[in-house]
1. Please find the FRET efficiency linking A:Lys142 to A:Lys226, where r is the Cβ-Cβ separation and R0 is fixed at 41 Å, and quote it to the nearest 0.05.
2. List the cysteines in the protein assembly as shown whose Cβ has no other cysteine Cβ under 4.7 Å from it.
3. Take every residue in peptide A:92-99, count the Cβ atoms of other chains within 10 Å of its Cβ, and give the average of those counts.
4. Can you tell me the length gained on complete extension of the stretch A:Asn30 to A:Lys252, counting 0.36 nm per residue apart and subtracting the Cα distance?
5. If you take the beta carbon distance between A:Met234 and A:Asp179 as r and set R0 to 41 Å, what does 1/(1 + (r/R0)^6) give as a FRET efficiency, to the nearest 0.05?
6. What does the average come to when, for each residue of peptide B:8-16, you count the partner chain Cβ atoms lying within 10 Å of its Cβ?
7. Starting from the 7 Å offset along Cα-to-Cβ, what nm value, one decimal, do you get for the label separation of B:Gln34 and A:Glu127?
8. Other chains' Cβ within 10 Å of B:120-131 residues: what's the mean?
Amino acid sequence: MSRPEDSLPPDLFYNDVESRKYTTSSRIRNIQADMTHRALELLDLQEPSFILDVGCGSGLSGEILSSVEEEDGGPHMWALERDVEGDMLLADIGQGVAFRPGTFDAAISISAIQWLCNAETSDVSPEGRLKRFFDSLYASLKRGGKAVCQFYPKNAQQRSMITNAAIKAGFGAGILEDDPETKSVKVYLVLSVGGGDVTGAVSGMQDVDVYDSRRKERKRGKEFEKKGSKAWIMRKKGQMEAKGKVVKPSSKYTGRKRKTAF
Amino acid sequence: MKLLTLNFLTCARKACKTSAASFPLHPREAELEQVELDMNPQFIRNVLPRVEWEAMRSISQELGLPSLPDTAPGPEELADAEGGPTQILKDLHTLLMETTIASGKLLCANCGHEYAIKEGIANFLLPSHLV
């Protein structure tokens, strides 16, 4: 089955027939509702909050939330039949979200942001759209605010494109995968304003394995071959020799620890 | 669109991002509608510090609503001795959450662009030459 984003832009894809599925199909409604609850669990809100729901569509997630603002780009998906307490806005999130800085306590997005990786017109690139979206989202959240975006990455490349755009905007980012390696894997991008450690979002949850790729990379860089160490000196000498330069022969004294003179 | 939302919306154009005149957006030909909503005192307490009171006053004036006090109510004015809602809290709720613009236009003072509101939903889609 081909992916929706590969066939049409969202405002054309979500016509009456497709949109009805989000209002009537109980399977779709249940999946969307589960993902909304999971996202809320990750947000861990302590009090009634002002939330932005990005790509709210027919307001499925909005029914579960209350006191929200919602944005969507497809007229047929508007929550006109649903009893949604929040305000709806028709907008293209690739153009950014137009709110004052520090407006929202949190943001949530279910099954929406993968559409940003598609650029229908030639004057905008996916990177440009992602940048504008995440930059403006970052600004519109308060200090210490959080955002959780469930999305469907087409491949690993799209996944890292989206995650990197969020990190470049200043977010601390992590990806939560529900049912990894299965067909029904659900990917949640968990973001925190301020670029700090995001693993706190899952600290209370069971059955969550944390893979911290940051620490591994740092170790490989510095601790294995520190600049100025004997191993580094030997490597540099080998490089210069390979280049054809004159290099003194090595001995047991090469790179030996000297007694500090001062 | 609730008046609360209007207090946070700015013009979506990139050119207006750095200008102070792009907030607040000014309602024109607005048709107001009162929508009943359950009051959530904690939410109002949470959101009130973020509300731009001056902008709220000028919007209120433009819409022809009763004028608001010079400064925003403080947190102590929102709950009475027993912890119940005060009249001020109820008035805030009516103003921010229940007063909505059902149709009309939102004007940016900086670039002059008008965003349309239909059935309570504002259209912020920009043609590519305006983005």
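Quick note: the coordinates plus some simple rules give every number you see, no bench work behind them. Owing to the predicted nature of the structure, the values given are computational and were not obtained by experimental measurement. Ideal geometry is used to build each Cβ from the backbone, glycine not excepted, and the neighbour counts take in all protein chains shown.
1. Values: r = 41 Å, r/R0 = 1.01.
After rounding, the FRET efficiency stands at 0.50.
2. Result for the protein assembly as shown is A:Cys56, A:Cys117, A:Cys149, B:Cys111, no neighbouring Cys Cβ within the cutoff.
3. Values: counts 6, 0, 1, 9, 7, 4, 15, 6.
That works out to 6 on average.
4. Details: separation 222, 0.36 × 222 = 79.92 nm, distance 7.04 nm.
So the extension gain works out to 72.9 nm.
5. Details: r = 48 Å, r/R0 = 1.18.
Efficiency for this residue pair is about 0.25.
6. Values: counts 12, 8, 8, 1, 9, 3, 3, 0, 1.
Per-residue shielding by partner chains comes out at 5.
7. So the label points at B:Gln34 and A:Glu127 sit 5.5 nm apart.
8. Working: counts 3, 10, 5, 4, 10, 8, 5, 0, 5, 1, 1, 7.
Taking all residues of B:120-131 together, the mean is 5.
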